[in-house]
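Single-structure report; data block below.
The values are calculated or read from the model by the stated rules, or taken from the named source; none is laboratory data. All values derive from a computational prediction rather than experimental measurement. Every residue, glycine as well, gets a Cβ built from its backbone with ideal geometry; the counts of neighbours run over all protein chains shown.
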Amino acid sequence: MNITVRQIELNDVTGFHNALSSVAAEKKYLLTVEPPPLDRVHDFVSKNVEQNHAQYVAVAGDSVVGWADIVPASRQSMEHVGRLGMGVIAEYRGRGIGDQLLKDAIAHAWRQGLKRLELEVFADNKAAINLYRKHSYQVEGVKRYARYLDDAYQDVVIMAQYRV
Ligand SMILES: CC(C)(COP(=O)(O)OP(=O)(O)OC[C@H]1O[C@@H](n2cnc3c(N)ncnc32)[C@H](O)[C@@H]1OP(=O)(O)O)[C@@H](O)C(=O)NCCC(=O)NCCS
């Protein structure tokens with residue numbers, strides 16, 4: 001099936017929420033294991049659309065199968081920092097979708113004037129770390145034993161790139 005990567009629109013909210021819920025339910029990759037409530041996702045997307053923030057979706061037919069967002073921090077003096085969130089639902093991985101989503105989101109974030117792009121990723125998520133390195137993120141540090149879930153600890157890697 002043809003996959004389109006494009007900027008998110010308001011009518012993608014439910015599809016985005018479904019994709020987020022599907023990846024969160026895997027519990028391995030996202031900091032959140034429960035998807036946020038639909039109304040919070042709606043508010044997040046509305047703000048991104050209104051303010052032209054970098055949020056992209058991959059769409060197959062009627063379904064959102066992946067997303068990437070780089071949204072500026074709201075805290076005063078940190079508005080130049082954009083934090084990445086992304087995922088591709090399991091059945092669609094390994095086909096270049098994450099690559100395209102991240103490429104578009106990063107280009108948009110720089111165009112918007114962001115100066116520092118950062119992210120946190122679990123140390124055992126090699127696919128994501130490779131993807132981030134490929135797109136110029138560098139490791140800044142590791143938070144040891146940062147998450148404890150289902151009887152196991154996971155380290156969290158902090159990665160960033162900047163243009164100042
Ligand atoms: C990480 C993720 C977004 C990658 O998306 P994807 O569509 O599967 O990735 P792509 O097919 O576009 O691959 C792009 C690059 O990612 C890396 N990569 C992807 N899958 C990989 C794998 N299984 N092993 C190692 N590297 C991998 C490679 O660098 C690859 O580039 P290459 O093909 O030139 O080697 C996807 O695996 C995913 O959604 N994982 C679960 C959610 C998640 O981890 N989100 C990020 C949380 S921080």
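Data overview
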item: Identity of the residue in segment 67-82, of a type outside the set (Asp, Glu), surrounded by fewer than 18 Cβ atoms within 10 Å (Cβ to Cβ) and within 14 Å of residue 47 (Cβ to Cβ), that ends up nearest to the ligand (Cβ to nearest atom); result: 73
item: Residues (within 8 Å of the ligand (Cβ to nearest atom) and either over 13 Å from residue 58 (Cα atoms) or out of contact with any helix residue (DSSP H, G or I) (no Cβ under 7 Å at 6 or more places or on another chain) (or both)) located in segment 100-126; result: 100, 101, 119, 120, 121, 122, 125, 126
item: Matching residues, segment 51-66, being surrounded by fewer than 16 Cβ atoms within 10 Å (Cβ to Cβ) and more than 14 Å from residue 13 (Cα to Cα); result: 51, 52, 61
item: Test for residue 158: is it more than 25 Å from residue 57 (Cβ to Cβ), within 12 Å of the ligand (Cβ to nearest atom), of a type outside the set (D, E, K, R) and not in a loop (DSSP other than H, G, I, E, B); result: yes
item: Per-region count, segment 13-42, residues away from the ligand (no atom under 13 Å from the Cβ) and modelled with pLDDT of 95 or more; result: 12
item: Complete set of residues in segment 85-99 that are acidic (Asp, Glu) and more than 6 Å from the ligand (Cβ to nearest atom); result: 91
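Okay, residues lined up against (1) more than 16 Å from residue 104 (Cβ to Cβ); (2) part of a helix (DSSP H, G or I):
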{"position": "13", "(1), (2)": "yes, yes"}
{"position": "20", "(1), (2)": "yes, yes"}
{"position": "30", "(1), (2)": "yes, no"}
{"position": "35", "(1), (2)": "yes, no"}
{"position": "46", "(1), (2)": "yes, yes"}
{"position": "59", "(1), (2)": "no, no"}
{"position": "79", "(1), (2)": "yes, no"}
{"position": "87", "(1), (2)": "no, no"}
